[in-house]
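Only the coordinates and a few stated rules stand behind these numbers; no lab work does. Quick caveat: nothing in here was measured; it's all calculated off a predicted structure. Note that each Cβ is placed from the backbone with ideal geometry, even for glycine, and that neighbours are counted across all protein chains shown.
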């Protein structure tokens, strides 16, 4: 969903904690008595509530802003006016269930991003970066890679990424690598949809922010010799604190 059509959704965030891992030791016993934090998200201040202990455990960002003496800790309220509601929905799902929804093709998915579920997931990676949640970022990368392994990156998605994502980030690199690979396919216009592809590309090039090297890579790439970039998504993971991926098995 794009920024200009933001809709407040109501999630039941008085949820039970799925499972119990080593990182959750001590959480289960104090979960029920944890204070509730109100979070206002987006321009419309969509209201969420979540358990303080989970917010602090899952996110260093919330651990900092809910620390003793901070305004947010005193008021039990956090305001996030610049963040996206649907991405925050995914955050709530992650902290309570540890899951990232896979993108699935739907009957009414005739959108400029290829799926209505795509942009919120891209925005979720940006949110995870802000919240300093490396494991969640990597899981989002895996979900995006799974989708783009079957469906090309649409120009509108690139337009959003070049306008909103740090060029030095792994998300930016993955999206650009895969888009360049997709463009090297002579069928790209057909796969995306002729009119949609043409309009999206025109809008993208008009921004003046599209990296020139992506076009050159697309022109020079032979898909018979170069693997689809998202085939091995681990190279776009962050491993500052999380466990490193295992290298792919050689056949």
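Using only alpha carbons, build the gyration tensor for segment 59-168 and give me the equivalent ellipsoid semi-axes, biggest first, whole Å.
Equivalent ellipsoid semi-axes, largest first: 29, 14, 13 Å.
Over segment 33-139, what is the percentage of antiparallel beta bridges among all DSSP beta bridges, to the nearest 5?
Here the antiparallel bridges make up roughly 60 percent for segment 33-139.
For the residues 144, 54, 40, what sequence is obtained by ranking on other C-beta atoms within 10 Å, fewest first?
Fewest-to-most ranking of 144, 54, 40: 40, 54, 144.
Calculated FRET efficiency, residue 150 and residue 223, Cβ-Cβ r, R0 22 Å, to nearest 0.05?
Efficiency for this residue pair is about 0.90.
Starting from the Cα gyration tensor of segment 154-203, take the square roots of the eigenvalues, sort them a ≥ b ≥ c, and report rounded, prolate or oblate (rounded when a/c is under 1.5, otherwise prolate if a/b is larger than b/c, else oblate).
oblate
Apply 1/(1 + (r/R0)^6) to the Cβ-Cβ distance of residue 239 and residue 190, taking R0 = 45 Å, and write down the FRET efficiency to the nearest 0.05.
For residue 239 and residue 190, the calculated efficiency is 0.75.
Distance between Cα centroids, segment 45-80 to segment 201-251: provide it in whole Å.
Between the Cα centre of segment 45-80 and that of segment 201-251, the gap is 35 Å.
Report the calculated FRET efficiency for residue 77 and residue 32 (r = Cβ-Cβ distance, R0 = 22 Å), to the nearest 0.05.
Taking R0 as 22 Å, the efficiency between residue 77 and residue 32 is 0.55.
Arrange 239, 113 by Cβ neighbour counts within 10 Å, fewest through most, would you?
If I rank by nearby Cβ atoms, fewest first, I get 239, 113.
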